[in-house]
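Here's the structure, in structure tokens; my notes come after.
The values are calculated or read from the model by the stated rules, or taken from the named source; none is laboratory data. Note that the structure is predicted; figures quoted are calculated from it, not measured. Every residue, glycine among them, receives a Cβ derived from its backbone with ideal geometry; neighbour counts consider all protein chains shown. These accessible areas exclude ligands, DNA and RNA; they are computed on the full protein's heavy atoms, side chains included. Shrake-Rupley method; radii C 1.70, N 1.55, O 1.52, S 1.80 Å.
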Amino acid sequence: MPLRLVSFVTVFLCGISTSKLHADPLPRSISTSRQFIVYGTDAPLRGAVCDLAERTKSKLLSTVRIRDEWKLPIVVNAQYPQANAPELPAASLTFSQTGFGLKIQLDLIIPLDVNAAAVQRELLRATLLEIMYRERTNLPPGSAYMQPPPWLLEGIIADEAADPAQLAEPLRTLAVPEGFMSLEKFVRQNPDLLEPISRGVYAAYAHVLLEILIDSPDGRSRLARFVRVLPDASNDPFVDLRAAFPALGVEPEKVWRSAIAQALGTQRFHLLSASETEQQLNDILHLRIGDRGQAEKNYQLHEFPQFIHAKTARAALRRLSLDLLLLATRANPLVRPIVLEYQRLSALLSRGKTHGVKARIDRVNSTRAALAGRQQRIDDYLNWFEATQSLTSSGAFTDYLRAAGRATEPSTRHDPISLYMNSMEVEFGVER
């Protein structure tokens, strides 16, 4: 009897403990549309995730012109990094059939230096999945599901996060025909394999493609239909894109390159910095002139006595004058007077007038050198101040520092003793 009594008491206490665990569920917050149910122990974190989720969904709905008629709730588990589970991924999306319907669950590990765009990308992915499968709740268990196209995710995020004047900025380094990626290659590219600079170029391409689709006839309605039928897409995303948007025509690459050129053309109305103006001015002032069947040579403007009588000199000087005039429209205000002086001098030389030009070229070269030296000293001071005196980080090198930190981190052991020691370090605030 005592043994039976002890066994009964043990089972009874275990039942009480189990019921106690079920009686205290993890705290949760529900977003304003009630679609996002966010679990987590930190109330401000839950509120921030709810707000970001609603803003992300609002941007998506306004882009594709779909009403907020959600049918599947999205469960989000938001927590800070745990020392006893260092192997957990930053984001994990689970899409499954539970027997009572489809379930969408997003597990987020949010560090203190969180990348808001990365969290927004995962929330957008989950929201797109709900739109794609809201009418397919009878999906058999174990069925594979289609992922939203990454260019659509990046295009919507870039359209919301970046200044429209800066969206095409990464493409300026590729402003040559052979530097542009083809539309077919871009649609099939995986951005998760790209480093930060290439990721910025990918986002710029994605924004250009999204603008092409939205601006096409009946573009937003076609984009909404494209999203809804994504579960039936083939293994060739380029073919599916052309079928969904006839406006791409029989020559989609031509439409693609024209849109990129137009996006780059919008940058002409934005002023260059002093260093950018100096760089372009230095490139323009190099003249290539040949005479009497001889090979072309490179000349500076102050070397005009050596080439002024060449047969092709006047045509080259007229082109130089036009290029300088175009540069003056975008030049930094500090450098614009220098650009205009070079333009006037090249115009005089193109008409064969050389009187007093040599002295004026020497003066403008001296002024340009002095201004460049002063600008360099200002940049050096600002870099020194940011590196040693600023109390906040600019964030310009966050991606590189994060990658470098991961590369230098020692390998983490996952045996029970190591996990226990890691949790004790966090508990007592021990620094390594």
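Tabulated data
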| read-out | value |
| --- | --- |
| Nearest-10 value in Å² for the accessible area of Arg242, using the 1.4 Å probe | 90 |
| Arg65 versus Thr312: modelled label distance in nm, points set 7 Å from Cα along the beta carbon direction | 5.3 |
| Candidate residues Val339, Val201: accessible-area rank, largest first, probe 1.4 Å | Val201, Val339 |
| Accessible-area order (highest first, 1.4 angstrom probe) of the listed residues Lys71, Lys311 | Lys311, Lys71 |
| Which of Met132, Met146, Met421, Met181 is most accessible, then next, and so on - probe 1.4 Å | Met421, Met146, Met181, Met132 |
| Listed residue pairs exceeding 27 Å between alpha carbons, taken from Lys57/Lys254; Lys254/Lys297; Lys297/Lys358; Lys71/Lys185 | Lys57/Lys254; Lys254/Lys297; Lys71/Lys185 |
| Dipole of segment 272-340, positive end: most advanced residue of His286, Phe307, Ala274 [Cβ charges, Cα centre] | Phe307 |
| Other-chain or far-sequence residues with amide H under 5 Å of Ala91's (modelled H) | Ile109 |
| Highest average packing first - 272-281, 87-96, Cβ atoms within 10 Å | 272-281, 87-96 |
| Length released on extending from Gln97 to Ala387, taking residue separation times 0.36 nm less the Cα-Cα span | 99.2 nm |
| Probe 1.4 Å - accessible area at Asp379, Å² to nearest ten | 50 |
| Distance in nm between pseudo-label sites at Gln147 and Ile417 (7 Å out along the Cβ direction from Cα) | 3.9 |
